[in-house]
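Below: the structure, in structure tokens.
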Amino acid sequence: MPKKNLYELLGIKKGASKEDIKRAFRKMARKYHPDVNPGDKNAEEKFKEINQAYQILMDDEKRKMYDQFGVIDGDPSSSPFQGRAGPGGTYTYYTTGGPGGFDFSEIFSRVGGRGSGVHVNVGDFDFFNDLGDIFDVFTGARSTRGRKKTRRPRAGEDLRYTMEISLEEAFHGGEQRISFQDPITNKNKTLTIKIPRGIADGQKLRLAGEGMPGINNGPPGDLYVVIKIRPHPIFKREGNDLLVKIPIKLTDAVLGTKIRIPNIENEKITITIPPGTQPNQKFRVKGKGFHILKSSERGNLIVETIVKIPKKLNSEQRQHFEKLKKMNV
């Protein structure tokens, strides 16, 4: 078998940086992935070659040796793979983890699922985001090492997408649309995500059948949308309650007053601050918090008072405080 230039395999120049190598590898790996090219032996072979090229070029010592002496074909000591003989003298290779902190086994789930002879695991790697797409394969197939090849239908991988929304959007609910390039067909696709009111940060929404396609006519996986709620400049959510901090004057804390408080629905709500209110004292406005998911009930609005202590006093103000001090107030 003639030697092949590892740089040319990845479409890069000899002096390429590690980031250039990573980008080139990801682009080529996605193009020649066996699930995208079922039954294509040429693509399968190319897939193995670019993997080997990547693992050698990302390893400083192996790359230095390759640049100086080249890689000797058939020499196990210079190969990043370990294999064992199979029927007919063929080999089934298992990845050993890529150099440079990039583990090839973290990218694809059972890349040999259609008979390629290459089997790897899926780790917690942000597959589609890392390849420039919006999704992350997160369920992952278990290793097929030591198992017999099968052409039984297998469900596609589930996908995960993190959607960032505002606190108001989480409160009111509604719909959000996402557009992306389908990783298999490369066609633009738009999905409508229904957000239930009262959804919490970190909760997941499931879209059945919107994941990766199945193998051997298996059903597609699902899409899980993970909700991330942006911090709000005024309100803080605590369970189903909303917390708001309101500054009040020292005299109002001592003598009492009425104040209008902000709320997420922009309603006119006024509460009474009783005489002798202490710093960080909390008042509850019942039923003005977050909607409880799948319920008609709501949490509460919690108002925390922040008593403002004057930093500077004029002469008249100082005299009044001096009098209060003499009165042991």
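Give, as a single signed number, the net charge of other residues whose beta carbon lies under 9 Å from the beta carbon of residue 270, with Lys and Arg counted +1 and Asp and Glu -1. Before the final figure, lay out the partial values.
Details: positive: 258, 260, 268; negative: none.
Spelling it out: positives minus negatives among the neighbours equals +3.
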Approximate spin-label separation residue 207-residue 286, in nm, with each point projected 7 Å along Cα-to-Cβ:
4.2 nm
Heavy atoms of residue 162: accessible area, 1.4 Å probe, square angstrom to 10
80 Å²
Cβ-Cβ cut-off under 14 Å around residue 318, Lys and Arg +1, Asp and Glu -1: the net charge is +3
Of 275, 287, 320, which is farthest on the positive side of the dipole of the range 270-322, counting Cα position, with +1 on Lys and Arg Cβ, -1 on Asp and Glu Cβ, and the Cα centre as origin?
287
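Within the range 243-288, which trypsin sites (Lys or Arg not before Pro) sit in a loop by DSSP and count at most 16 neighbouring Cβ atoms inside 10 Å?
Details: sites: 245, 249, 258, 260, 268, 282, 284, 286, 288; in loops: 268, 286, 288.
When the trypsin sites (Lys or Arg not before Pro) of the range 243-288 are filtered for loop state and at most 16 Cβ neighbours within 10 Å, 268, 286 remain.
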Of the residues 214, 199, 170, the Cα lying farthest along the dipole of the range 150-224 towards its positive end, which is defined by charges on the beta carbon of Lys, Arg, Asp and Glu, belongs to 214
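Add +1 for every Lys or Arg and -1 for every Asp or Glu among the other residues with Cβ under 10 Å from the Cβ of residue 12, and state the total. Don't skip to the end; give the middle numbers.
Values: positive: 13, 14, 23; negative: 8, 20.
Once all neighbours under 10 Å are counted, the net charge is +1.
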Quick check: pseudo-label points 7 Å beyond the Cα along Cα→Cβ at residue 323 and residue 230, how many nm apart are they?
5.1 nm
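Take every DSSP beta bridge with both residues inside the range 217-322 and express the antiparallel ones as a percent of the total, to the nearest 5. Each step should come with its number before you reach the end.
On the way: 14 of 22 bridges.
Within the range 217-322, antiparallel bridges account for around 65 percent of the total.
With a ≥ b ≥ c the root eigenvalues of the C-alpha gyration tensor of the range 1-63, is it rounded (a/c under 1.5), prolate (a/b larger than b/c) or oblate?
Prolate is the answer for the range 1-63, as a/c is 1.5 or above and a/b outweighs b/c.
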Cα centroid distance between the range 189-224 and the range 253-329, in Å?
44 Å
Compare 290, 69, 180 by solvent-accessible area with a 1.4 Å probe and give them largest first, with all protein chains kept in place.
69, 180, 290
Shape category assigned to the range 172-329 from the gyration tensor of Cα positions, a/c cut at 1.5
prolate
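The values are calculated or read from the model by the stated rules, or taken from the named source; none is laboratory data. Bear in mind that the values here come from a model prediction, so they are computed numbers and not experimental data. All Cβ positions, glycine included, derive from the backbone under ideal geometry; neighbour counts span all protein chains shown. The area values use the complete protein model at the heavy-atom level, side chains included, leaving out ligands, DNA and RNA. Shrake-Rupley method; radii C 1.70, N 1.55, O 1.52, S 1.80 Å.
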